[in-house]
Every structure is written in C-alpha cells, then in structure tokens.
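Step one of this worksheet: look at the structure below.
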Amino acid sequence: MTATQAQAQGTLEAVAARIRSHVVDMCAGPEGGHLGGAFSCADVLTALYFSVLNVDPERPDDPDRDRFLLSKGHAAVGLYATLAERGFFPVAELASYGRPGSRLMGHPVRAVPGVEMPTGSLGHGLALACGFALANRYAGRDARSFVLLGDGELQEGSVWEAAIAAASLRLDRLVAVVDRNGLQLTGATERIAPMEPLADRWRSFGWAVRDVDGHDPAALADHLSAAPWEPGRPSVLITRTVKGQGLPFLAGRAASHYVTLSERNHARAMAALRPKDTDG
Ligand SMILES: Cc1ncc(C[n+]2csc(CCOP(=O)(O)OP(=O)(O)O)c2C)c(N)n1
Ligand SMILES: [Mg+2]
C-alpha cells in the first residue's frame, strides 16, 4: 500500500481517531498500557505513517525506506495501532497485545513488522537515529531518519550528546520530534526540571527548530514533509500536545501515564472518541 492509498483510507483525523480507539481497547486488556503518551503523539504518528514516511508495509526492510524510531518506546500501544492501520500486520492482532506469546509487548521489539529497533530505555533513540542518518549518508541514500522523543526524556544527558553530534555532522536528513506534553511519570516537567525556552535550547545546539500545535495532523505532515528546513542542519519539531488528548477524564493528567481501563472507563473513553452528532 502506498502513502497515497493509505491516505485514501480516510482523512488524517479519521485515522488518528481509529488509532486512539485501538489504544483504548489495548489499555482495557489485562496488561494495561501507556495511554497518555500514546494519545499525545497519535497525531504525529498519523502524519508520519499516512503522509510523510516513505515506507512500504509489503517491503518493511527496503534499504531505501525512511526510518522511524519511537524513542519514547513506552508509547508502544500507539505505534502498534499505527503500524496495524498502515498495513504492517493485521489490525486483529492488536487483540493479542500484552498476552502470553504475543509479539506485541509493553515495549516494541524487532519481531514486530515495521519496528526498526527495540526501544523503551529512554535517552537512546536520538543517537540511534543519528546512526541511521549517517549510515544512509555513507551508502549514498537520500532516505530520511525520524525519531520521536518524550519531553521528560530530554532530561537524559545522552539526548544532548547526540544533539551535538548530529549538528556537528550536519545530519540534515535527520528529523527529531519532541512530544511536548508537559508531563513525565511523576508530574509536570517544568516543575521537576524546567526546559523552557525549549526551542532556544535546540537552536543553540545548532538545530533548525519549529514549535507547533501537536494535534493538527495535516499541518504536522506539512512541517515534517518539508524538512530539512535549513540546509546542513538537523531539524526538530517541538509539538505542543496534551497527554491523554481527547479523553476528558484523563487529558492533561499525570494519571493518564499508565492505565488499565475498567469496563466502565473503556465505555466512557469510546464514547468520548465517537464523532459528535453535529445535527444536534
Ligand atoms: C532510562 C529510563 N528511565 C526511566 C524509565 C521509566 N519511564 C518510562 S516512561 C517515563 C516518563 C517519560 O516521560 P516523557 O518522556 O515525558 O514521556 P510521555 O510524557 O510522552 O509519556 C519514565 C521515567 C525508562 N523507560 N527509561
Ligand atoms: Mg511527557
């Protein structure tokens, strides 16, 4: 399936809504899941897989493919839902998430079609993506490498080591996205370890920076498609998001981080995701 065919499956908003509903279903299973951080990046994942990335589910190991790494690997349920919707494996397989024998575990592994590297130990994805970008450069390939980082994850020193390396190597086929939902495991990032002005920080490390709404998939797709924004510089898209976006009883709350939905909350979540009847 090409990206154009994938887009034909519905508007980006409709795809993002399907991804969120799969996440809700998975988080109602025995394993529970990182719902909040999967919801905050659902629109970015939609934009990437349904508009931006040059990937082919029929040929997941195509050497010319773009690479995507979910550095915040705990948001695995969001990645699984996206990969399944995009055709990397059957949507029905999502029901196996977290169950004995399933390849869909709490954090992503290479056994899952479309997953480039196992992730979940925070702080490693940017360095890995630098490696992909460098390898592509040496091989003379034009492909781009994308990586999605959590904002709490930015407290890992290894992120900034990699940021320095990417800028000094002039890796302009590398694109980082920061899921700036303002929350980490135990509370607000700005209370625990202030990061603002975040855009200035990245700029001072030699990156081209854009700071945007993270819940407008079409606009996100335009920004990501246009990278590199400045020749010779890696790009970082800071996406302003809400953890648990779309679920009134969890949105913006640290409690959304890891959730096992009760039957009642599963129903409430599905009701919240259902398109509103505009006829009144
Ligand atoms: C190296 C490392 N330390 C701690 C953890 C445990 N952990 C999992 S998620 C998380 C919070 C991450 O916050 P953030 O990056 O902001 O993610 P998001 O808000 O998008 O869920 C932590 C501390 C981990 N996965 N890896
Ligand atoms: Mg966060």
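Taking a ≥ b ≥ c as the square roots of the eigenvalues of the alpha-carbon gyration tensor, region 1-157 is classed oblate because a/c is 1.5 or more while a/b is no larger than b/c.
Would you mind putting 50-59, 196-205, 171-180 in packing order, based on average other-beta-carbon counts within 10 Å, highest first? Mind dumping the intermediate values first?
Numbers: 50-59: 18.5, 196-205: 15.5, 171-180: 25.9.
Answer by packing, highest mean first, reads 171-180, 50-59, 196-205.
Size of region 19-107 from its Cα atoms: along the principal axes, largest to smallest, the extents are 38, 27, 20 Å. Residues whose amide H falls under 5 Å from that of Leu104, counting only those 5 or more places apart or on a different chain, are Gly98, with hydrogens built in the peptide plane.
Hey, any idea what % of the chain's accessible area is carbon plus sulfur with a 1.4 Å probe?
Numbers: 6140 of 11530 Å².
Within the chain, the accessible surface is 53 percent carbon and sulfur.
Note on surface exposure: Met117, Met105 rank Met105, Met117 by accessible area, highest first, 1.4 Å probe.
Above 32 Å, the calculated P(r) of the chain contains 18 percent of its Cα-Cα pairs.
Once the 1.4 Å probe is applied to the protein heavy atoms, the chain comes out at 41 Å² accessible per residue. Of the whole protein surface, Ser121 contributes about 80 Å² of accessible area at a 1.4 Å probe radius. Available extension along the chain between Glu196 and Ala272 is 24.2 nm, counting 0.36 nm per residue and deducting the alpha carbon span.
The values are calculated or read from the model by the stated rules, or taken from the named source; none is laboratory data. Keep in mind it's a predicted model, so treat the numbers as computed, not measured. All Cβ positions, glycine included, derive from the backbone under ideal geometry; neighbour counts span all protein chains shown. The protein model used for the area step is the full one, side chains on, heavy atoms only, and it has no ligands, DNA or RNA in it. Shrake-Rupley method; radii C 1.70, N 1.55, O 1.52, S 1.80 Å.
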